[in-house]
Structures are given as C-alpha cells and as structure tokens.
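A quick write-up on the structure given underneath.
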Amino acid sequence: MKELTERIKKDGRVLNEDVLKVDRFLTHQVDPHLMAAIGTEFATLFADEGVTKVVTLESSGIAPAIFAAQAMNVPMIFARKTKSLTMNEELLTSSVYSFTKQQTNQISISKKFLNEDDRVLIIDDFLANGQAAKGLIELCQQAGASVVGVGIVIEKAFQPGHQLIVDMGVPVCSLARIKSLSENQVNFVEED
Ligand code: 5GP
C-alpha cells in the first residue's frame with residue numbers, strides 16, 4: 001500500500017535492526033485519515049470472506065481494526081491484556097509473550113462476543129514473531145469461530161511470524177512488508 005510505505009519512509013524511525021518506531025502515525029499519535037485508508041484496504045482484501053467480526057489486541061491494534069470493522073460494517077472486539085474488574089463473565093484466554101516488552105500477558109475476550117458462527121478477521125499493527133496473532137487465533141478457536149485471515153499493517157518479513165501463522169492454516173495479508181532495518185534504513189520487500 002503506497003500511502004503507507006511512503007509514510008513509513010517519512011515518519012518511521014529505525015531504533016535498531018529489529019525494531020521500527022511508528023509512534024507519529026500508528027502506535028501513539030494516530031493519523032485517522034491513514035487509518036481510514038488502511039481500513040478500506042483490509043475490507044477490499046477480505047471482501048469475499050464473509051467476515052462477521054474483526055478481532056485485535058489492545059492497544060495499537062485498535063486504530064486499524066476499528067476502521068476495518070467500520071468499512072466491513074461488523075463489530076470490532078479487542079482482546080484485553082489485563083483483566084478488567086467488570087469482566088466478571090466467562091472468558092476466552094491465552095498467553096502471549098511480547099519480545100518488545102519482554103513479558104508474558106494473559107489476553108482475554110468475553111465468551112459472549114464470539115461463537116461458532118463467527119468468521120473472524122484478525123488485525124494487528126505489527127507482525128514480528130507472530131505471538132500476538134497466534135494468541136488471538138487461539139482465542140477464536142476456543143470459541144469455535146473460524147479465522148478467515150490475519151491482516152497486518154506492518155510486517156517485518158525477516159522475522160518468523162508470517163510462517164508461524166501460515167503454518168497454523170491462516171492466510172496473512174500485510175499492507176507493508178519490511179525486508180530489513182539495517183543501516184538505519186527501512187528496506188521493503190519488492191512486490192511483483
Ligand atoms: P509478535 O507477537 O508478532 O512478535 O509482535 C507483535 C506485537 O509486538 C505488535 O502488536 C506490536 O505491538 C509489537 N511490535 C513488534 N515489533 C515491533 C516493532 O518493530 N515496532 C513496534 N512499534 N512494535 C512492534
């Protein structure tokens with residue numbers, strides 16, 4: 001997605017060979033116009049999949065996920081990383097190890113929001129080692145829902161997440177694919 005790759009080139013900051021900072025438009029300050037375009041792109045890519053719910057993980061997945069859900073006219077559900085006091089009903093849970101934060105979170109969604117009739121599109125801001133997407137797929141599977149795909153805003157294609165998710169039998173669509181972050185530069189995978 002050209003608009004996105006141009007924005008990464010302009011406003012992304014390479015922190016090291018593994019981590020890209022995009023807090024000017026995605027993970028802290030959020031550009032709603034870019035998010036709306038990203039939502040429309042996901043809706044187009046998954047138009048034939050009969051999606052009934054969009055699922056993401058708080059907090060950076062919420063912005064692209066809500067615009068995708070709006071474009072598909074379905075609800076968006078975000079998994080929580082901490083248990084809210086008001087979450088007193090039955091929960092779907094799985095654990096996710098975050099390499100950026102070096103901690104494991106127990107993520108959860110209320111059982112009442114997903115069931116076996118649902119066709120879920122999972123959306124997240126980044127795909128790195130694939131642990132967040134894997135945890136979200138497991139939550140959906142616990143509910144008996146079908147996961148029709150994983151939509152990622154920025155994939156670091158040099159890390160193993162894409163293969164992990166494809167090996168789970170779930171297709172992955174990424175709007176920007178990064179080949180490397182070497183020498184302080186963002187190098188994108190050439191798309192045919
Ligand atoms: P994974 O579970 O695929 O290893 O990582 C996914 C999560 O880690 C994303 O939801 C994102 O919050 C965070 N993350 C992974 N790599 C990066 C990165 O290079 N930059 C930023 N800002 N977040 C990242």
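Please treat every number below as a calculation from the coordinates, not as lab data. Given the structure is predicted, the values throughout are model-derived calculations rather than measurements. Quick reminder, even Gly has a Cβ in these numbers, built from the backbone with ideal geometry, and neighbours come from all protein chains shown.
Structural remarks
- Conditions (1) buried (at least 20 other Cβ atoms within 10 Å of the Cβ); (2) within 15 Å of the ligand (Cβ to nearest atom); (3) among the β-branched types (V, I, T); (4) part of a strand (DSSP E or B): number failed by V120: (2)
- Residue among G50, G61 that alone is small (G, A, S) and under 22 Å from F188 (Cβ atoms): G61
- Candidate set: the range 72-117, residues that are among the hydrophobic types (A, V, I, L, M, F, W, C) and part of a helix (DSSP H, G or I); chosen: the one farthest from I152 (Cα to Cα): F113
- Given (1) free of Cβ contacts under 8 Å to residues at least 40 places away in the same chain; (2) loosely packed, with under 14 Cβ neighbours inside 10 Å, number of the condition I152 does not satisfy: (2)
- Among the residues making up the range 136-146, a single one is buried (at least 24 other Cβ atoms within 10 Å of the Cβ) and either within 22 Å of M1 (Cβ to Cβ) or under 12 Å from the mean Cα position of the chain (by Cα) (or both): L136.
- Filtered residues of the range 1-58 (kept if near the ligand (Cβ under 10 Å from one of its atoms) and of a type in the set (A, V, I, L, M)): V14, L15, V19, L20, V22, L26, L57
- Residues in the range 3-24 that are under 23 Å from L136 (Cβ atoms) and either within 15 Å of the chain's Cα centre (by Cα) or touching a residue at least 12 places away in the same chain (Cβ under 8 Å) (or both): L4, D18, V19, L20, V22.
- Within the range 100-121, the set of residues being under 27 Å from E17 (Cβ atoms) and in contact (Cβ under 8 Å) with a residue 40 or more places away in the chain comprises T100 only.
- Complete set of residues in the range 98-116 that are in contact with a strand residue (DSSP E or B) (Cβ under 9 Å, 6 or more places away or on another chain), more than 16 Å from R80 (Cβ to Cβ) and either more than 7 Å from the ligand (Cβ to nearest atom) or hydrophobic (A, V, I, L, M, F, W, C) (or both): E116
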